[in-house]
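**Student:** One structure follows; several queries about it will come next.
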Amino acid sequence: MIEILHPPPPPLPPPPGTTVPAPFDFAAPAEDLASEEPTTPFFRSRSRHRRSDTWIVSAFVICYLVVFFVTMFVNDCRRNSAGDCAARSLSRLSFQPLSENPFLGPSSSTLDKMGALRKTRLANHQTWRILSSPWLHAGLIHLIVNLISIIFLGIFLEQEYGAVRTGLIYIGSAVLGTLVGALFVQDKPAVTSSSALHGLLGATISALAKNWKFYTSKGKAMVALAFILACNFVLGLLPYVCNYSNMGGLVSGLLLGYALLMPPQLGKKPQRLSEACDYGSKGSFNLKEKVVKVEKPGLRSVSLIIFALLWCSYIDCIPSRSWSCNDLTTACEVINQIKLLGNYDLNYHHCSQVNLV
């Protein structure tokens, strides 16, 4: 007797509207896995853990606005400069003349009162200026450029990596950048609020380089970052803004960003067991391979250029006929110095600038 076995009936099709998960493929080639890795535009990342709130960046922006308002209120150009002010319609909040402050901001004496860096003040053990200087701005133009850059970079970092990491990078870069600026500061007031901005910029560059394969539109992102860096470097060539602290903040942001910013989780979960196991190791191998290629001679050349620029005196301020890189002494300050020699109380007032021989 021969028993004839009939084939089993085919499986029923799934109901409409349902999806069947793909089975695990243990022998998928590496090329297929690499091609299926999720990618996204850099500044429009679709991370599965993207935050919607940006409270830490908002807090920094509000603090900057409040400190600048208090600085201009203390400056009181209408009274202390005998009415020789820019934007007189702002009354007490009017700015010093452009020849004294090209940023539309306060006088050098007001920046000293508010806690700007100065060589002689630091020599007198006023180390609290290292904590106060990162909150000061040289003027309205400096404030606007800083806020635009901080909002653009800070919101991206906070939504992608969280408020804690962004806050640590921001504060750490501000303090370390200010310490670098204190090493090179001259006998003139200098503010270091841009060091925190350069810290965010350095962290963003680290995020782009470290997670290079996850992002598209990398060329546009690099152009945007280079534009922000160039604008803030040019501002550092004007009085009252310390470019040395900006460099320190940038280096701090690069290091902190590489240490704190983890690869983003984009797109869907891995559908192959081999993809889930090899995801991290393959990414780190590709990153090391790219770093080795760039290290010679690119990083060495960049390091030599930065080292050479550190010894250039014009990197912090370029003298011009429209402003002076030295601290300008005013007529009222000379009179108050005479009063001080005669055992009178010293009260700073800002009058029209005079050239002393």
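The values are calculated or read from the model by the stated rules, or taken from the named source; none is laboratory data. Treat the numbers as computed from the prediction; the structure is a model and nothing was measured. Please note: Cβ atoms are built from the backbone with ideal geometry, for glycine as well, and neighbour counts cover all protein chains shown. We work out accessible area using only protein heavy atoms, side chains counted, and drop any ligands, DNA or RNA first. Shrake-Rupley method; radii C 1.70, N 1.55, O 1.52, S 1.80 Å.
**Student:** Is there a residue being among the aliphatic types (A, V, I, L, M) and surrounded by fewer than 24 Cβ atoms within 10 Å (Cβ to Cβ) anywhere in the stretch 191-205?
**Tutor:** Yes, the stretch 191-205 contains at least one residue that is among the aliphatic types (A, V, I, L, M) and surrounded by fewer than 24 Cβ atoms within 10 Å (Cβ to Cβ).
**Student:** Scan Arg165, Arg118 and give me the residue that is of a type in the set (Lys, Arg) and over 28 Å from Phe73 (Cα atoms).
**Tutor:** Arg165
**Student:** State yes or no: is Phe184 open to solvent by less than 50 Å² (accessible area, probe 1.4 Å), of a type in the set (Phe, Trp, Tyr) and in contact (Cβ under 8 Å) with a residue 60 or more places away in the chain?
**Tutor:** Working: open to solvent by less than 50 Å² (accessible area, probe 1.4 Å): no; of a type in the set (Phe, Trp, Tyr): yes; in contact (Cβ under 8 Å) with a residue 60 or more places away in the chain: yes.
So Phe184 does not fit the description; no.
**Student:** Is it true that some residue in the stretch 36-44 is at pLDDT below 60 and either assigned to a loop (DSSP other than H, G, I, E, B) or of a type in the set (Ser, Thr, Tyr) (or both)? Explain how you work it out, then say what you get.
**Tutor:** As a first pass, look at the stretch 36-44 and keep what is at pLDDT below 60: 36-37.
This time we only want the ones that are either assigned to a loop (DSSP other than H, G, I, E, B) or of a type in the set (Ser, Thr, Tyr) (or both), so: 36-37.
Checked against the condition, which is being at pLDDT below 60 and either assigned to a loop (DSSP other than H, G, I, E, B) or of a type in the set (Ser, Thr, Tyr) (or both), the stretch 36-44 yields at least one hit.
**Student:** Looking only at the stretch 131-158, which residues are open to solvent by 30 Å² or more (accessible area, probe 1.4 Å) and farther than 20 Å from Gln96 by Cβ?
**Tutor:** Scanning the stretch 131-158 gives Leu131, Ile148, Ile151, Phe152, Ile155.
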